[in-house]
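Below is one structure, written out as C-alpha coordinates, with a few remarks after it.
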Amino acid sequence: MTTTVNTHNTSGSAPAAPTPSAEGTRAYDLDRAHVFHSWSAQGALNPMVIAGGKGSEVWDFDGNTYLDFSSQLVNTNMGHQHPAIVDAIKAQADILTTVAPAAANLARGEAAKRIIAKADSHFGKVFFTNGGADANENAIRMARLTTGRDKILSTYRSYHGNTGAAIVATGDWRRMPNEYSRGHAHFFGPFAYRSEFWSNSEEQECERALQHLERVIVSEGASTIAAILLETVPGTAGVLVPPPGYLPGVRALCDRYGILLILDEVMCGFGRTGQWFAWQGFDVVPDLVTFAKGVNSGYVPAGGVLISESIANEFETQVFPGGLTYSGHPLAMASIVGSIDAMDAEGVVENARTIGTDHLAPGLAELAEKHELIGNVRGLGVFWALDLVDDRESRQAVSGGVILQLKKAMLARGLLPFSADNRIHVVPPCIVTPDQVAQALAIYDEAFTEVEAGL
(Lines give C-alpha, C1' and ligand atoms only; values in the text may rest on other atoms or scores of the structure.)
Protein backbone atom coordinates (compact mmCIF):
# COMPACT_ATOMS: atom_id res chain seq x y z
CA MET A 1 0.00 0.00 0.00
CA THR A 2 1.27 3.49 -0.82
CA THR A 3 1.00 5.80 2.16
CA THR A 4 1.10 9.57 2.04
CA VAL A 5 2.93 10.70 5.15
CA ASN A 6 2.25 14.02 6.83
CA THR A 7 5.11 16.16 8.05
CA HIS A 8 5.13 17.61 11.56
CA ASN A 9 2.65 20.42 11.96
CA THR A 10 4.62 23.31 13.50
CA SER A 11 1.78 25.82 13.66
CA GLY A 12 0.68 24.67 17.11
CA SER A 13 -2.79 23.71 15.85
CA ALA A 14 -4.13 20.30 14.98
CA PRO A 15 -4.22 19.34 11.27
CA ALA A 16 -7.57 18.91 9.59
CA ALA A 17 -8.91 15.38 9.98
CA PRO A 18 -8.84 13.42 6.71
CA THR A 19 -11.72 11.34 5.47
CA PRO A 20 -11.28 7.86 6.97
CA SER A 21 -10.02 5.28 4.48
CA ALA A 22 -11.89 2.08 3.77
CA GLU A 23 -8.95 0.00 5.05
CA GLY A 24 -8.75 1.98 8.28
CA THR A 25 -12.48 1.68 8.87
CA ARG A 26 -12.37 -2.06 8.20
CA ALA A 27 -9.43 -2.57 10.59
CA TYR A 28 -11.23 -0.64 13.32
CA ASP A 29 -14.57 -2.42 12.79
CA LEU A 30 -12.97 -5.87 12.81
CA ASP A 31 -11.12 -5.04 16.03
CA ARG A 32 -14.21 -3.79 17.81
CA ALA A 33 -16.26 -6.76 16.63
CA HIS A 34 -13.83 -9.57 17.44
CA VAL A 35 -10.76 -8.55 19.50
CA PHE A 36 -10.71 -8.69 23.30
CA HIS A 37 -8.16 -6.19 24.66
CA SER A 38 -5.98 -6.48 27.76
CA TRP A 39 -6.42 -4.35 30.90
CA SER A 40 -9.58 -2.72 29.53
CA ALA A 41 -13.32 -2.43 29.86
CA GLN A 42 -14.15 -3.49 26.32
CA GLY A 43 -17.12 -1.20 25.69
CA ALA A 44 -15.17 2.03 26.29
CA LEU A 45 -12.34 1.31 23.85
CA ASN A 46 -11.48 3.48 20.86
CA PRO A 47 -8.19 1.96 19.66
CA MET A 48 -5.83 3.79 17.35
CA VAL A 49 -5.40 1.95 14.04
CA ILE A 50 -1.78 1.53 12.99
CA ALA A 51 -1.21 0.42 9.42
CA GLY A 52 2.59 0.32 9.23
CA GLY A 53 5.86 1.67 10.51
CA LYS A 54 9.51 2.23 9.73
CA GLY A 55 12.30 3.26 12.05
CA SER A 56 10.96 5.61 14.72
CA GLU A 57 7.69 6.32 12.91
CA VAL A 58 4.31 4.66 12.47
CA TRP A 59 1.36 5.64 10.30
CA ASP A 60 -2.34 4.96 9.93
CA PHE A 61 -4.37 4.12 6.83
CA ASP A 62 -5.31 7.77 6.36
CA GLY A 63 -1.78 8.99 5.72
CA ASN A 64 -1.05 10.41 9.18
CA THR A 65 2.48 9.74 10.41
CA TYR A 66 3.53 9.76 14.05
CA LEU A 67 6.87 9.78 15.81
CA ASP A 68 6.66 6.69 17.99
CA PHE A 69 7.91 7.90 21.37
CA SER A 70 6.18 4.99 23.07
CA SER A 71 8.19 2.30 21.28
CA GLN A 72 4.77 0.59 21.41
CA LEU A 73 5.12 -1.00 24.86
CA VAL A 74 8.72 0.16 25.28
CA ASN A 75 9.93 -2.76 23.20
CA THR A 76 10.78 -1.64 19.65
CA ASN A 77 14.33 -0.72 20.62
CA MET A 78 15.48 -1.17 17.01
CA GLY A 79 12.47 0.66 15.66
CA HIS A 80 9.95 -0.66 13.19
CA GLN A 81 10.78 -2.94 10.27
CA HIS A 82 14.53 -2.93 10.74
CA PRO A 83 15.81 -4.70 7.59
CA ALA A 84 18.44 -6.81 9.38
CA ILE A 85 15.83 -8.32 11.71
CA VAL A 86 13.21 -8.77 8.99
CA ASP A 87 15.77 -10.41 6.69
CA ALA A 88 16.91 -12.76 9.46
CA ILE A 89 13.33 -13.89 10.05
CA LYS A 90 12.77 -14.41 6.31
CA ALA A 91 15.99 -16.39 5.94
CA GLN A 92 15.13 -18.65 8.87
CA ALA A 93 11.61 -19.19 7.50
CA ASP A 94 13.18 -20.68 4.37
CA ILE A 95 15.22 -23.14 6.47
CA LEU A 96 13.06 -24.26 9.39
CA THR A 97 10.01 -22.47 10.77
CA THR A 98 9.56 -24.49 13.97
CA VAL A 99 11.23 -27.18 15.98
CA ALA A 100 10.57 -28.82 19.35
CA PRO A 101 12.50 -27.33 22.27
CA ALA A 102 14.15 -30.68 23.05
CA ALA A 103 16.07 -30.56 19.77
CA ALA A 104 19.27 -28.64 19.20
CA ASN A 105 18.94 -25.84 16.70
CA LEU A 106 21.59 -23.53 15.26
CA ALA A 107 19.54 -20.34 15.52
CA ARG A 108 18.80 -21.07 19.19
CA GLY A 109 22.43 -21.71 20.01
CA GLU A 110 23.59 -18.59 18.20
CA ALA A 111 21.01 -16.46 20.02
CA ALA A 112 22.02 -17.82 23.44
CA LYS A 113 25.71 -17.32 22.67
CA ARG A 114 25.15 -13.67 21.77
CA ILE A 115 23.03 -12.92 24.85
CA ILE A 116 25.58 -14.49 27.20
CA ALA A 117 28.39 -12.56 25.49
CA LYS A 118 26.65 -9.28 26.34
CA ALA A 119 26.43 -10.25 30.03
CA ASP A 120 29.64 -11.63 31.60
CA SER A 121 31.38 -14.87 32.49
CA HIS A 122 29.17 -15.24 35.58
CA PHE A 123 26.39 -16.52 33.29
CA GLY A 124 26.39 -19.84 31.50
CA LYS A 125 22.98 -20.74 30.09
CA VAL A 126 19.79 -19.19 28.71
CA PHE A 127 16.30 -20.63 29.13
CA PHE A 128 14.09 -19.22 26.38
CA THR A 129 10.45 -18.30 26.94
CA ASN A 130 7.66 -16.67 24.93
CA GLY A 131 7.94 -13.29 26.67
CA GLY A 132 8.72 -11.40 29.86
CA ALA A 133 5.98 -12.74 32.12
CA ASP A 134 6.93 -16.38 31.68
CA ALA A 135 10.60 -15.41 31.96
CA ASN A 136 9.88 -14.10 35.45
CA GLU A 137 7.71 -17.12 36.16
CA ASN A 138 10.55 -19.49 35.39
CA ALA A 139 13.20 -17.43 37.18
CA ILE A 140 11.05 -17.61 40.31
CA ARG A 141 10.73 -21.38 39.84
CA MET A 142 14.51 -21.76 39.49
CA ALA A 143 15.10 -19.72 42.63
CA ARG A 144 12.67 -21.80 44.65
CA LEU A 145 14.07 -25.09 43.41
CA THR A 146 17.72 -24.21 44.00
CA THR A 147 17.26 -22.66 47.45
CA GLY A 148 14.56 -24.95 48.78
CA ARG A 149 12.73 -21.82 49.95
CA ASP A 150 9.37 -20.49 48.88
CA LYS A 151 9.01 -16.76 49.42
CA ILE A 152 9.68 -14.04 46.82
CA LEU A 153 10.16 -10.40 47.82
CA SER A 154 9.44 -7.64 45.30
CA THR A 155 8.57 -3.95 45.41
CA TYR A 156 5.20 -2.25 45.43
CA ARG A 157 6.26 -0.05 42.52
CA SER A 158 6.79 -2.80 39.97
CA TYR A 159 5.34 -4.80 37.12
CA HIS A 160 6.56 -8.31 36.32
CA GLY A 161 3.92 -9.71 33.97
CA ASN A 162 0.45 -11.25 33.87
CA THR A 163 1.00 -14.91 34.76
CA GLY A 164 0.48 -16.69 38.08
CA ALA A 165 3.57 -15.83 40.14
CA ALA A 166 4.65 -12.85 38.01
CA ILE A 167 1.43 -10.92 38.55
CA VAL A 168 1.49 -11.54 42.30
CA ALA A 169 5.12 -10.38 42.39
CA THR A 170 3.88 -7.21 40.69
CA GLY A 171 3.27 -4.36 43.10
CA ASP A 172 0.72 -2.19 41.34
CA TRP A 173 -3.10 -2.48 41.15
CA ARG A 174 -3.00 -5.26 38.57
CA ARG A 175 -1.90 -7.69 41.27
CA MET A 176 -5.03 -7.27 43.38
CA PRO A 177 -7.65 -9.07 41.22
CA ASN A 178 -5.14 -11.86 40.49
CA GLU A 179 -3.65 -12.93 43.82
CA TYR A 180 -3.80 -16.70 43.42
CA SER A 181 -0.11 -17.52 43.80
CA ARG A 182 1.42 -18.22 47.20
CA GLY A 183 4.62 -17.07 48.85
CA HIS A 184 4.93 -13.38 47.96
CA ALA A 185 5.69 -10.30 50.06
CA HIS A 186 6.32 -6.70 49.06
CA PHE A 187 8.45 -3.79 50.20
CA PHE A 188 9.14 -0.21 49.15
CA GLY A 189 12.10 0.53 46.93
CA PRO A 190 13.83 3.92 46.78
CA PHE A 191 12.06 6.81 45.06
CA ALA A 192 13.43 10.09 46.39
CA TYR A 193 10.88 12.32 44.64
CA ARG A 194 7.98 10.57 46.39
CA SER A 195 9.86 9.08 49.32
CA GLU A 196 8.25 6.62 51.71
CA PHE A 197 11.15 7.24 54.11
CA TRP A 198 11.01 11.01 54.75
CA SER A 199 14.44 11.37 53.20
CA ASN A 200 15.94 14.67 52.09
CA SER A 201 18.68 13.35 49.79
CA GLU A 202 19.41 10.46 47.45
CA GLU A 203 22.00 9.17 49.94
CA GLN A 204 19.47 9.16 52.77
CA GLU A 205 16.83 7.56 50.55
CA CYS A 206 19.24 4.75 49.68
CA GLU A 207 20.28 4.17 53.29
CA ARG A 208 16.72 4.12 54.60
CA ALA A 209 15.39 1.97 51.76
CA LEU A 210 18.07 -0.64 52.46
CA GLN A 211 17.31 -0.51 56.19
CA HIS A 212 13.62 -1.01 55.40
CA LEU A 213 14.41 -3.97 53.14
CA GLU A 214 16.52 -5.65 55.79
CA ARG A 215 13.72 -5.21 58.33
CA VAL A 216 11.32 -6.88 55.88
CA ILE A 217 13.76 -9.75 55.30
CA VAL A 218 14.11 -10.35 59.03
CA SER A 219 10.40 -9.93 59.69
CA GLU A 220 9.40 -12.32 56.89
CA GLY A 221 12.06 -14.81 57.99
CA ALA A 222 15.26 -14.84 55.95
CA SER A 223 15.31 -18.63 55.88
CA THR A 224 11.95 -18.62 54.02
CA ILE A 225 13.01 -16.24 51.23
CA ALA A 226 14.18 -17.72 47.93
CA ALA A 227 14.79 -14.50 46.00
CA ILE A 228 14.42 -10.78 45.79
CA LEU A 229 12.95 -9.84 42.40
CA LEU A 230 13.58 -6.28 41.19
CA GLU A 231 13.27 -4.40 37.95
CA THR A 232 16.78 -2.95 37.63
CA VAL A 233 15.12 0.32 36.64
CA PRO A 234 11.38 0.05 37.29
CA GLY A 235 9.67 1.04 34.05
CA THR A 236 5.88 1.21 34.06
CA ALA A 237 6.06 2.33 37.70
CA GLY A 238 7.82 5.51 36.64
CA VAL A 239 11.39 4.97 35.34
CA LEU A 240 12.72 4.91 38.90
CA VAL A 241 16.48 5.07 38.51
CA PRO A 242 17.97 3.55 41.69
CA PRO A 243 20.26 5.84 43.70
CA PRO A 244 23.97 5.05 43.78
CA GLY A 245 24.68 2.21 46.15
CA TYR A 246 21.18 0.77 46.31
CA LEU A 247 21.55 -2.25 44.05
CA PRO A 248 24.98 -3.18 45.49
CA GLY A 249 23.32 -2.84 48.91
CA VAL A 250 20.55 -5.24 47.90
CA ARG A 251 23.20 -7.65 46.57
CA ALA A 252 24.99 -7.49 49.92
CA LEU A 253 21.76 -8.25 51.81
CA CYS A 254 21.07 -11.20 49.51
CA ASP A 255 24.57 -12.56 50.14
CA ARG A 256 24.24 -12.03 53.91
CA TYR A 257 20.99 -14.00 54.14
CA GLY A 258 21.52 -16.60 51.41
CA ILE A 259 18.90 -15.09 49.08
CA LEU A 260 19.11 -15.05 45.28
CA LEU A 261 18.87 -11.79 43.35
CA ILE A 262 16.68 -11.78 40.22
CA LEU A 263 16.85 -8.65 38.09
CA ASP A 264 13.97 -8.09 35.68
CA GLU A 265 15.37 -6.46 32.53
CA VAL A 266 12.32 -7.11 30.37
CA MET A 267 11.80 -3.40 29.73
CA CYS A 268 15.13 -1.83 30.65
CA GLY A 269 17.48 -4.27 28.89
CA PHE A 270 19.14 -4.33 25.48
CA GLY A 271 20.11 -0.70 25.05
CA ARG A 272 17.18 1.04 26.71
CA THR A 273 19.33 2.64 29.44
CA GLY A 274 22.40 3.06 27.24
CA GLN A 275 23.85 -0.28 28.40
CA TRP A 276 23.37 -3.76 27.01
CA PHE A 277 21.90 -4.67 30.38
CA ALA A 278 20.81 -1.95 32.77
CA TRP A 279 22.46 -3.68 35.73
CA GLN A 280 25.85 -3.16 34.09
CA GLY A 281 25.59 0.53 34.99
CA PHE A 282 25.05 -0.09 38.73
CA ASP A 283 28.03 -2.12 39.99
CA VAL A 284 25.99 -5.25 40.70
CA VAL A 285 25.82 -8.78 39.31
CA PRO A 286 22.55 -10.73 39.76
CA ASP A 287 22.03 -14.48 39.96
CA LEU A 288 19.24 -14.55 37.36
CA VAL A 289 18.25 -12.00 34.72
CA THR A 290 14.93 -11.99 32.88
CA PHE A 291 14.59 -10.38 29.45
CA ALA A 292 12.22 -9.98 26.48
CA LYS A 293 11.06 -6.87 24.56
CA GLY A 294 14.30 -5.23 23.41
CA VAL A 295 16.16 -8.50 22.77
CA ASN A 296 14.54 -8.51 19.31
CA SER A 297 12.23 -5.47 19.46
CA GLY A 298 9.25 -7.78 19.74
CA TYR A 299 9.31 -8.76 16.06
CA VAL A 300 8.54 -12.35 17.09
CA PRO A 301 7.46 -13.11 20.70
CA ALA A 302 10.55 -14.07 22.72
CA GLY A 303 11.96 -13.79 26.21
CA GLY A 304 14.18 -15.72 28.53
CA VAL A 305 16.16 -16.21 31.71
CA LEU A 306 19.89 -15.62 31.80
CA ILE A 307 21.18 -18.14 34.35
CA SER A 308 24.37 -17.94 36.41
CA GLU A 309 26.76 -20.87 36.16
CA SER A 310 26.11 -21.94 39.75
CA ILE A 311 22.33 -22.13 39.29
CA ALA A 312 22.61 -23.80 35.87
CA ASN A 313 24.85 -26.44 37.45
CA GLU A 314 22.10 -27.29 39.95
CA PHE A 315 20.13 -28.78 37.07
CA GLU A 316 22.92 -30.93 35.63
CA THR A 317 21.47 -33.95 37.46
CA GLN A 318 18.21 -32.48 38.81
CA VAL A 319 15.36 -32.24 36.29
CA PHE A 320 14.08 -28.72 35.71
CA PRO A 321 10.28 -29.13 35.86
CA GLY A 322 9.34 -26.50 33.30
CA GLY A 323 9.06 -26.03 29.57
CA LEU A 324 7.21 -24.32 26.73
CA THR A 325 6.27 -25.60 23.29
CA TYR A 326 7.71 -22.49 21.67
CA SER A 327 10.81 -22.15 23.86
CA GLY A 328 13.59 -21.06 21.54
CA HIS A 329 11.31 -20.86 18.49
CA PRO A 330 13.57 -20.64 15.40
CA LEU A 331 11.95 -17.52 13.95
CA ALA A 332 12.27 -15.76 17.30
CA MET A 333 15.87 -16.91 17.69
CA ALA A 334 16.76 -15.67 14.21
CA SER A 335 15.25 -12.29 15.05
CA ILE A 336 17.43 -12.13 18.19
CA VAL A 337 20.57 -12.93 16.21
CA GLY A 338 19.66 -10.35 13.55
CA SER A 339 18.88 -7.73 16.17
CA ILE A 340 21.99 -8.14 18.33
CA ASP A 341 24.27 -8.23 15.29
CA ALA A 342 22.66 -5.08 13.90
CA MET A 343 22.90 -3.34 17.28
CA ASP A 344 26.62 -4.10 17.32
CA ALA A 345 27.23 -3.06 13.72
CA GLU A 346 25.27 0.20 14.02
CA GLY A 347 26.40 1.26 17.51
CA VAL A 348 22.80 1.32 18.72
CA VAL A 349 23.56 0.99 22.44
CA GLU A 350 26.06 3.83 22.20
CA ASN A 351 23.49 5.90 20.31
CA ALA A 352 20.92 5.38 23.07
CA ARG A 353 23.46 6.48 25.68
CA THR A 354 24.45 9.58 23.68
CA ILE A 355 20.85 10.52 22.94
CA GLY A 356 20.12 10.36 26.66
CA THR A 357 23.15 12.34 27.78
CA ASP A 358 23.35 14.96 25.05
CA HIS A 359 19.76 15.43 23.93
CA LEU A 360 17.01 14.05 26.16
CA ALA A 361 18.54 14.99 29.52
CA PRO A 362 19.10 18.68 28.69
CA GLY A 363 16.01 18.93 26.48
CA LEU A 364 13.64 17.53 29.09
CA ALA A 365 15.25 19.62 31.84
CA GLU A 366 14.62 22.74 29.74
CA LEU A 367 11.05 21.61 29.20
CA ALA A 368 10.58 21.25 32.97
CA GLU A 369 11.90 24.76 33.58
CA LYS A 370 9.31 26.12 31.19
CA HIS A 371 6.22 24.15 32.28
CA GLU A 372 4.88 24.11 35.84
CA LEU A 373 3.03 20.84 35.22
CA ILE A 374 6.36 18.98 35.13
CA GLY A 375 7.40 18.29 38.70
CA ASN A 376 10.26 15.88 38.09
CA VAL A 377 12.33 14.55 35.19
CA ARG A 378 14.25 11.30 35.54
CA GLY A 379 15.81 8.68 33.33
CA LEU A 380 18.75 7.20 31.45
CA GLY A 381 19.45 6.55 27.79
CA VAL A 382 16.12 6.49 25.96
CA PHE A 383 14.19 5.68 29.14
CA TRP A 384 12.67 8.80 30.76
CA ALA A 385 9.60 9.93 32.65
CA LEU A 386 7.98 13.29 33.27
CA ASP A 387 6.22 13.26 36.66
CA LEU A 388 3.31 15.69 36.31
CA VAL A 389 1.90 17.66 39.23
CA ASP A 390 -0.82 20.20 39.98
CA ASP A 391 1.52 21.96 42.37
CA ARG A 392 5.30 21.61 42.57
CA GLU A 393 5.47 22.23 46.30
CA SER A 394 2.90 19.63 47.35
CA ARG A 395 3.78 17.32 44.42
CA GLN A 396 0.09 16.48 44.04
CA ALA A 397 -0.26 14.29 40.95
CA VAL A 398 -2.30 15.61 38.03
CA SER A 399 -5.60 13.94 37.23
CA GLY A 400 -6.18 11.44 34.48
CA GLY A 401 -8.07 14.14 32.59
CA VAL A 402 -4.91 16.22 32.24
CA ILE A 403 -3.02 13.21 30.90
CA LEU A 404 -5.77 12.59 28.33
CA GLN A 405 -5.61 16.21 27.19
CA LEU A 406 -1.85 16.00 26.78
CA LYS A 407 -2.06 12.76 24.83
CA LYS A 408 -4.68 14.25 22.51
CA ALA A 409 -2.55 17.35 21.92
CA MET A 410 0.53 15.24 21.18
CA LEU A 411 -1.28 12.93 18.78
CA ALA A 412 -2.72 15.93 16.94
CA ARG A 413 0.83 17.13 16.35
CA GLY A 414 2.18 13.82 15.12
CA LEU A 415 3.65 12.16 18.23
CA LEU A 416 2.56 8.84 19.72
CA PRO A 417 3.11 9.14 23.51
CA PHE A 418 3.34 6.64 26.35
CA SER A 419 1.50 7.50 29.54
CA ALA A 420 1.13 5.79 32.91
CA ASP A 421 -0.76 7.20 35.90
CA ASN A 422 0.28 10.88 36.21
CA ARG A 423 3.30 10.54 33.92
CA ILE A 424 4.36 10.93 30.33
CA HIS A 425 7.16 8.47 29.59
CA VAL A 426 9.66 9.52 26.94
CA VAL A 427 10.76 6.19 25.48
CA PRO A 428 11.69 6.36 21.79
CA PRO A 429 13.51 3.56 19.98
CA CYS A 430 17.24 3.26 20.65
CA ILE A 431 17.85 4.21 17.00
CA VAL A 432 16.17 7.62 17.38
CA THR A 433 18.10 10.54 15.87
CA PRO A 434 18.91 13.95 17.38
CA ASP A 435 16.63 15.59 14.81
CA GLN A 436 13.73 13.35 15.82
CA VAL A 437 14.34 14.12 19.49
CA ALA A 438 14.30 17.85 18.68
CA GLN A 439 11.04 17.38 16.79
CA ALA A 440 9.51 15.47 19.72
CA LEU A 441 10.67 18.08 22.25
CA ALA A 442 8.97 20.77 20.18
CA ILE A 443 5.74 18.75 20.19
CA TYR A 444 5.91 18.20 23.96
CA ASP A 445 6.46 21.93 24.41
CA GLU A 446 3.46 22.84 22.25
CA ALA A 447 1.23 20.25 23.93
CA PHE A 448 2.10 21.41 27.46
CA THR A 449 1.59 25.04 26.42
CA GLU A 450 -1.86 24.24 25.04
CA VAL A 451 -3.01 22.20 28.03
CA GLU A 452 -1.64 24.61 30.64
CA ALA A 453 -3.45 27.49 28.93
CA GLY A 454 -6.75 25.67 29.43
CA LEU A 455 -6.24 24.78 33.10
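Rank these by accessible area, largest first, 1.4 Å probe: Thr163, Thr129. List each step's numbers first, then the result.
Numbers: Thr163 50, Thr129 5 Å².
The ordering from most to least exposed comes out as Thr163, Thr129.
Can you give the net charge of the other residues whose Cβ lies under 13 Å from the Cβ of Gln436, counting K and R as +1 and D and E as -1?
-2
Normalising by the residue count of segment 198-342, find the relative contact order in percent from Cα pairs under 8 Å and 6+ residues apart.
Answer for segment 198-342 is 18 percent.
Add -39500 (n - 2.57) for each DSSP H run of 4 or more in the chain, then divide by its residues: what number comes out at 222 nm, to the nearest 500 deg cm²/dmol?
Taken over the chain, the calculation gives -11500 deg cm²/dmol.
Quick one: Cα centre-to-centre distance for segment 147-181 and segment 343-400, in angstrom?
28
Using a probe radius of 1.4 Å on heavy atoms only, what accessible surface per residue do you get for segment 23-94? Whole Å² is fine.
52
Keeping every protein chain in place, order Trp39, Trp276 by accessible area at 1.4 Å, biggest value first, i.e. largest first.
Working: Trp39 110, Trp276 35 Å².
So the residues, ranked largest to smallest area, are Trp39, Trp276.
I'd like the accessible area for Lys125, computed on protein heavy atoms only with a 1.4 Å probe and all protein chains in place. Round to 10 Å², please.
Counting only protein heavy atoms, Lys125 exposes about 100 Å² to solvent.
Around Ser71, what is the net charge, scoring Lys/Arg as +1 and Asp/Glu as -1 over all other residues with Cβ under 9 Å from its Cβ?
Residues close to Ser71 contribute a combined charge of +1.
Report relative contact order for the chain in percent, whole number only (criteria: Cα-Cα under 8 Å, sequence separation at least 6).
That works out to 21 percent.
Net charge around Val382, counting only other residues with Cβ within less than 10 Å of its Cβ (Lys, Arg = +1; Asp, Glu = -1)?
Taking every Cβ under 10 Å from that of Val382, the sum is +2.
Just the number, please: carbon plus sulfur as a percent of the accessible area of segment 229-343, 1.4 Å probe, no ligands or DNA/RNA counted. Don't jump to the answer; show the numbers that get you there.
Working: 1750 of 3250 Å².
That share works out to 54 percent.
For a bin width of 20 Å, list the pair-distance distribution of the chain built from all Cα-Cα distances, rounded to whole %.
With a bin width of 20 Å, the distribution comes to 24, 57, 18, 0.
Got a sec? What order do Asp150, Asp387 fall in by accessible area at 1.4 Å, biggest, i.e. largest, first? Before the final figure, lay out each step's value.
Details: Asp150 50, Asp387 0 Å².
My answer, sorted largest first, is Asp150, Asp387.
How many angstrom lie between the C-alpha centres of segment 214-265 and segment 40-104?
First find each Cα centre; the distance between them is then 33 Å.
The values are calculated or read from the model by the stated rules, or taken from the named source; none is laboratory data. Remember, it's a predicted structure, so these values are computed and weren't measured experimentally. Positions of Cβ are backbone-derived with ideal geometry, glycine not excepted, and every protein chain shown enters the neighbour counts. Calculation scope for accessible area: heavy atoms of the full protein, side chains included, ligands and nucleic acids excluded. Shrake-Rupley method; radii C 1.70, N 1.55, O 1.52, S 1.80 Å.
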